[in-house]
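Chemist: Right, I'll just put the structure down here and ask away after.
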Amino acid sequence: MESGALAVSGASIAQVGEFEDVRAQFPGAQIVDHGDVVMLPGLINAHCHLDFTCMRGAILPNRSFSGWVRRINELKRTCSDDDYLASIAEGFAELRKWGTTTLLNIESLPELMVHLPPPPIRTWWFYELLDIRNRIHTEDVVAGALTFFEQRPKWHGGFGLSPHAPYTTSLDLYRLARFCSEKYGMPFTTHLPESDEEMEMFSEGSGPLFDFLKGLGRDMRDCGGKTPIRHLIEADALPRGAILAHMNHLGPGDEELLAAHAGQFAVVHCPNCHEYFERTPFPYEALRRAGCQISLGTDSCASNRGRNLFDEM
């Protein structure tokens, strides 16, 4: 549009069209000329880890996923609460700079949230659930989170649950998270298969990730014979509407399995993270054929250079 305009009334867009037409409908309105720009809806970052903004450039690209996990765990032990709070603030500033107005953030340290100011954009905080070492009582988590947000009505967004991944979260905890998600109408997201090592662990019962987690004491009897997505779907561990982050690898029969559940799950692709690990091409066409809606996210600065969704596009 050569000379476009939009009229804003309160927090709503009242009209969009040619400048003269819009001005005629709102005589006396304040006019702000933004010059030669494009105006578009705010962007949605559908998968992000604000906690780890401070780790930008701290881990050299490494095709070994289990090696990357070891390194990020080392770095996490060196960070203080103040480091993480600064990370979250820096991440928000960068998101706003590049036009993100809605964020789905995986929160690994929910105890920090009581020290945070209201988020500057709509943010859904997904409590990360793992029980590879400790048991987490999801219903207590949900009750505490609902109380937290009831006491903060000016916080735009809400709260969801994020069982981390099938290699760190038991089927029992997945099912409990699904129950809570459905009971309270809360969004649900999880990481699914992010690496070839994860595929090897579940499909073959072997590989670097298998050996690493076995060494941590994980019960490995659920490994061998099934891909990660089949492992969860056949266990009835995913609610309808689950947001599946990554989905970088599909095994034999996975496309058909997803097609049998067409429209039930959304997928978030993180292109720069994908490039960082030098992964095989993302199975975009197969996921589309299977009826998955695909969105974009930036993932973590521990595996990405920034939080610019235009760069991801």
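The values are calculated or read from the model by the stated rules, or taken from the named source; none is laboratory data. None of the values given here were measured: they were computed from a predicted structure. Here Cβ is always computed from backbone atoms with ideal geometry, including for glycine, and neighbour counts include all displayed protein chains. The accessibility values were calculated without ligands, DNA or RNA, using every heavy atom of the protein model including side chains. Shrake-Rupley method; radii C 1.70, N 1.55, O 1.52, S 1.80 Å.
Chemist: Within region 257-282, track down each residue that is open to solvent by 20 Å² or more (accessible area, probe 1.4 Å) and of a type in the set (S, T, N, Q).
Modeler: Those that are open to solvent by 20 Å² or more (accessible area, probe 1.4 Å) and of a type in the set (S, T, N, Q): Gln264, Thr280.
Chemist: Here's another thing I want to ask about it. When you scan region 13-22, how many residues do you find that are farther than 13 Å from Met39 by Cβ and open to solvent by 70 Å² or more (accessible area, probe 1.4 Å)?
Modeler: 3
Chemist: With the structure loaded, tell me whether Ala290 is open to solvent by 30 Å² or more (accessible area, probe 1.4 Å), of a type in the set (A, V, I, L, M) and at pLDDT 95 or above or whether it fails that test. I'd like the intermediate steps shown before the answer.
Modeler: Values: open to solvent by 30 Å² or more (accessible area, probe 1.4 Å): no; of a type in the set (A, V, I, L, M): yes; at pLDDT 95 or above: yes.
No.
Chemist: Of (1) farther than 18 Å from Arg305 by Cα; (2) open to solvent by 60 Å² or more (accessible area, probe 1.4 Å), Arg71 satisfies all except one. Which?
Modeler: (1)
Chemist: Considering only residues that are among the charged types (D, E, K, R) and open to solvent by less than 100 Å² (accessible area, probe 1.4 Å), which ones fall in region 23-52?
Modeler: Asp51 - this is the single residue of region 23-52 that is among the charged types (D, E, K, R) and open to solvent by less than 100 Å² (accessible area, probe 1.4 Å).
Chemist: Taking the condition of being small (Gly, Ala, Ser), within 25 Å of Leu146 (Cα to Cα) and in contact with a strand residue (DSSP E or B) (Cβ under 6 Å, 6 or more places away or on another chain), how many residues in region 68-121 meet it?
Modeler: 1
Chemist: I'd like to verify a number: residues in region 33-64 that are acidic (Asp, Glu) and within 27 Å of Ser12 (Cα to Cα), how many?
Modeler: Going residue by residue through region 33-64, those that are acidic (Asp, Glu) are 33, 36, 51.
If we keep only those that are within 27 Å of Ser12 (Cα to Cα) as well, we get 33, 36.
Number satisfying all stated conditions: 2.
Here is a yes/no grid of residues against (1) hydroxyl-bearing (Ser, Thr, Tyr); (2) on the phi > 0 side of the Ramachandran plot; (3) crowded, with 21+ Cβ neighbours inside 10 Å:
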position	(1), (2), (3)
Asn134	no, no, no
Thr147	yes, no, no
His156	no, no, no
Phe159	no, no, yes
Ser162	yes, no, yes
Glu182	no, no, no
Thr190	yes, no, yes
Pro193	no, no, yes
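Chemist: Right, here's the next one. Looking at (1) over 29 Å from His249 (Cβ atoms); (2) open to solvent by 30 Å² or more (accessible area, probe 1.4 Å); (3) outside any helix (DSSP H, G or I), can you tell me which one Pro119 breaks?
Modeler: With respect to (1) over 29 Å from His249 (Cβ atoms); (2) open to solvent by 30 Å² or more (accessible area, probe 1.4 Å); (3) outside any helix (DSSP H, G or I), Pro119 is out only on (2).
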